[in-house]
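Take a look at the structure below.
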Amino acid sequence: MANIETSIQFLLLLFLSSSFLHLETIELVSCNSGLNVNCIDIERKALLSFKEGLTDPSGRLSSWVGDDCCKWEGIRCENRTTHVIKLKLRNPYQRNLDSEAAADEAAAYAIGGKIVPSLLDLKHLRANFGGTIPPQLGNLSSLQYLDLNTCFGESIENDLHCLSGLSSLKHLNLGSIDLSMASTYWIQTINTLPSLLELHLPRCGLSNFPLSLPFVNLTSLLVLDLSNNGFSSSIPKWLFNVSSLVYLDLSSNSLQGGVPDEFSALASIQHIDLSQNSFIGGQLSGNLGKLCNLRKLHLSFNIINGDITEFIDGLSSCTNSSLESMNLGYNHLGGFLPNSLGQLKNLKNLILWNNSFTGSIPKSIGNLSSMELLYLYNNQMNGTIPESLGQLSALVALDLSENSWNGVITEAHLSNLRNLKELDFGKVSPRITLVFNVSSKWIPPFKLRYLNLRSCQIGPKFPAWLRNQNELITVILNNAMISDTIPDWFWTLDLQINELDISNNNLTGRVPNTLAFQDGASVDLSSLPYFFSNIYTLYLNNNFFCGPIPHNIGQIMPTLANYDVSYNLLNGSIPISIGEMKNLTYLVISHNHLSGEIPLIWNDKPTLSILDMSNNNLSGGLPSSMGSLTALMFLILSSNNLSGEIPLSLQNCTLVESLDLGENRFSGKLPVWIEESMPSLLILRLRSNLFSGNIPSQLCKLSSLHILDLALNNLSGFIPPCLGNLTGMATDLREVPQDLAGLSRLGTLNLSINHLTGKIPESIGSLRRLETLDLSRNQFSGPIPPNMASLTALNYLNLSYNNLSSGIPTSNQFQSLNDPSIYMNNAGLCGLPLTSKCLGDDEASHPTSGVSEDNGDEDGQESEMMWFYISMVPGFIVGFWGVCGTLIIKQSWRHAYFRFLEDLKDRLLFIVTVSMAHLRRKLKFKGN
């Protein structure tokens, strides 16, 4: 909303260099506004001319009438000379814009307009105004202070040539003004200002940073801010001739090369910010360690590698290093943290996260008594954490997460951290190597707001030291080996929880209503059968909860967006009150014992994208109102007792990628509208229903389809020759199409347990991506096509229970497919790995397996399910990177991205674990 008319705020300070002006400035501080002064006529006319060019929606200039302009609102005159010395038109509502309503209010009161030449008649003015830069500005040769920050928005009329006449200028701030048209000459103009002390040109659209200048005239420059521009060269060498520099900010550009050693020439430098550029280089030079006056060094979000030992050793050799803040995060730095780090006695902020540092924290860390922030998140550090860490009494935030620490954390590590607000030792990996061993009677000296101890051993008892932590907002005790009842005192802490994750423990007990949550909070209890209000996410999946879903869940949790209670023992019906959750995007209630019909609750669910009700006892038909789910991507209703035809209204769900209605009693014909209405469909699974009629040729147009499973229905006719991605076709047919070359994306082909006849098509050898092939329990005859040996990606094959004959191929992939059960019950097959010899070889009998048909059916289905679970994981990974990979590229999203990635790892690990556990249970049952 940065509009020239509504958000212009300016500051033009005009000083005369004479001692008379200096006296006026002093008098300004002690002037008496109550004195009777009359303004000078030429200045009054200049103000009225200025007013004519302004827009004043709030009427703040209504007092600008009469002869005495010194009494006008926003005008201040010097009481002795009656010159106008101050024009203050700042928007009183522009500060603290903490809401959209506040911003709108500020916009409504904003004064707009532009600088008019007559305003320059106010020779003694300190002003706040804007517009395009007037050429007459160059006539003010005595001007010392010019601050037009954010005045001109994206105007392309701004011309910097007029600045060359301001020979007395000491302070120049043109921040956020579009200077892209001046990009070719801006430094030449600035170089004509020998008195300049401060230059601020952030966010100005500059792209040219000349590598050379004929001479450097900026010998007095103290502050240089060129951040957030478009520079893509290396740092020019002439910059290091500005030896007076104290503050340098070149962040958020695309500067290249290494960090120059020439920085050592800037002996007075105190602040260097080169973050968010493209610097690539080895270890930081020891010459940088000679900058003993350096207070802030920020080099984050670059590609700097090597170690920092030489640099830290250099700084530690200073008599008294001034370094207070060092941010080297998001680089490729590695090696050990040197013991000399403890010599930087003034260091307050040490930010080294997202690098490749190894080893432990040096014991000398305890010497840094001024340390407030210590961030070592996501490195490769290991070993024990030194007790000297507990000496950092000024520490506010400690983040050592996502490393491989081991050993024990005791009270000595924490007992002196009286200012601590954030404590993070957590890691996504479930392997626990760090143990917390503190007394149940210990009372911490701090009051935490953020606590993350994921995958650290806290238990078996619930941590009693949390008893006095009544300021907590985030609590993560996931996988903490706690086997206890949550104590009543925890629920009476009156916490305003934003995130509570105490899942993957063995907790018991009941959560009372007194627990409060902030709007949009995320809760993952996964061991407590209770529901909360004001939360955004609730995961209770993969436990043993029983009983019904509360009938009033929609009333008590109206803000809920993500709800997962899958893999429990819940019963009863689906509450109709779910319809009151207006923001619901993720509803997963699968693998329970829910019954009854699907309620009519879908008309007000424009955000719902994932709906999984599979593996329950639901009955009845699909409500036509489900067609209103226009954001739906995954509809999974398999393994229920649903019946009827697929409603035509589902063709409104045009974003669906996975439609799984398998293992129900749906009937009617296969919908021909799917190819037009669901063009992004990846999975269509309708197996084990009562569908009849032909397979529509329109399915051939689903170019993205990877899995098509129509097995165990009442379909008839021929398989369409054009059919693309085909994985589980099971019909009472007599033909397999010869033209399989079109199935170029096919990874799984399952035609098992049918009555298919004829030969295996020769063209099957063209499916080079095929990993799973199951043609078992049909009536195929003839030889195994020799070109199947070219299926080099094939890792699962089942041709058993057919009428195949001749020799088994022995080249390429067939050499690794040496399990005899792959080929069993094909009387005419011979050759390895079977014991039956082919003609010309010694004859040998091979007994027929005694496995029953029923067991064979079960084997085939188990095999199919196994490969479904295994193939699901890489599919999930590919889908994730396709959607989220670009987040890594966009630098401004990285922090959110990395936090999101941690949560995603947990979800992916859960999917793999549950899938494999499900498979193991089935295999164990079959073995018994």
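Worth a mention:
- Residue count, the range 443-481 (criterion: at pLDDT below 95, in a strand (DSSP E or B) and aliphatic (A, V, I, L, M)): 2
- Filter result for ASN378 (polar (S, T, N, Q), in a loop (DSSP other than H, G, I, E, B), at pLDDT 95 or above and in contact with a Gly (Cβ under 6 Å, 6 or more places away or on another chain)): no
- Test for ASP488: is it at pLDDT 80 or above, surrounded by fewer than 19 Cβ atoms within 10 Å (Cβ to Cβ) and over 24 Å from HIS591 (Cα atoms): yes
- Which listed residue, of SER356, SER285, SER321, SER316, is among the small types (Gly, Ala, Ser), crowded, with 19+ Cβ neighbours inside 10 Å and within 26 Å of GLN256 (Cα to Cα): SER285
- Tally, over the range 533-552, of residues that are under 26 Å from ASN506 (Cβ atoms) and in contact with a Pro (Cβ under 6 Å, 6 or more places away or on another chain): 2
- Residues satisfying the stated conditions in the range 541-567, i.e. under 16 Å from ASN592 (Cα atoms) and at pLDDT 80 or above: GLY547, PRO548, ILE549, PRO550, TYR563, ASP564, VAL565, SER566, TYR567
- Within the range 495-520, considering residues that are in a strand (DSSP E or B) and β-branched (Val, Ile, Thr), the one modelled with the highest pLDDT: ILE497
- Restricting the range 689-710 to residues that are more than 40 Å from the chain's Cα centre (by Cα) and assigned to a loop (DSSP other than H, G, I, E, B), the residue that is modelled with the highest pLDDT: ASN689
- Considering LEU347, LEU341, the condition of being more than 12 Å from GLN380 (Cα to Cα) and part of a loop (DSSP other than H, G, I, E, B) is satisfied by LEU347 alone.
- Scan of the range 241-284 for residues that are out of contact with any Ser or Thr (no Cβ under 6 Å at 6 or more places or on another chain) and in a helix (DSSP H, G or I), ordered by number: ASN241, GLU262, PHE263, SER264, ALA265
- Residue satisfying all of: in the range 614-633; crowded, with 18+ Cβ neighbours inside 10 Å and modelled with pLDDT of 95 or more; nearest to ASN571 (Cα to Cα) among these: ASN616
- Flag if GLN276 is in contact (Cβ under 8 Å) with a residue 40 or more places away in the chain, of a type in the set (S, T, N, Q) and more than 19 Å from GLY329 (Cα to Cα): no
- Residue check for ILE556: crowded, with 18+ Cβ neighbours inside 10 Å, β-branched (Val, Ile, Thr) and more than 27 Å from the chain's Cα centre (by Cα): no
- Considering ILE115, ILE177, ILE187, ILE133, the condition of being modelled with pLDDT of 90 or more, buried (at least 17 other Cβ atoms within 10 Å of the Cβ) and not in a strand (DSSP E or B) is satisfied by ILE187 alone.
- Residue that is surrounded by the fewest Cβ atoms within 10 Å (Cβ to Cβ) [pool: residues in the range 394-422 that are outside any loop (DSSP other than H, G, I, E, B) and under 24 Å from the mean Cα position of the chain (by Cα)]: SER404
- Residue that is surrounded by the most Cβ atoms within 10 Å (Cβ to Cβ) [pool: residues in the range 267-278 that are out of contact with any strand residue (DSSP E or B) (no Cβ under 6 Å at 6 or more places or on another chain) and among the hydrophobic types (A, V, I, L, M, F, W, C)]: LEU274
- Meets criteria (hydroxyl-bearing (Ser, Thr, Tyr), closer than 30 Å to VAL246 by Cα and in contact with a helix residue (DSSP H, G or I) (Cβ under 7 Å, 6 or more places away or on another chain)) for SER321: yes
- Residue list for the range 237-266, restricted to those being surrounded by fewer than 21 Cβ atoms within 10 Å (Cβ to Cβ) and of a type in the set (A, V, I, L, M): VAL242, VAL246, ALA265
The values are calculated or read from the model by the stated rules, or taken from the named source; none is laboratory data. Owing to the predicted nature of the structure, the values given are computational and were not obtained by experimental measurement. For neighbour counting, all protein chains shown are included, and Cβ atoms are generated from backbone atoms with ideal geometry for every residue, glycine included.
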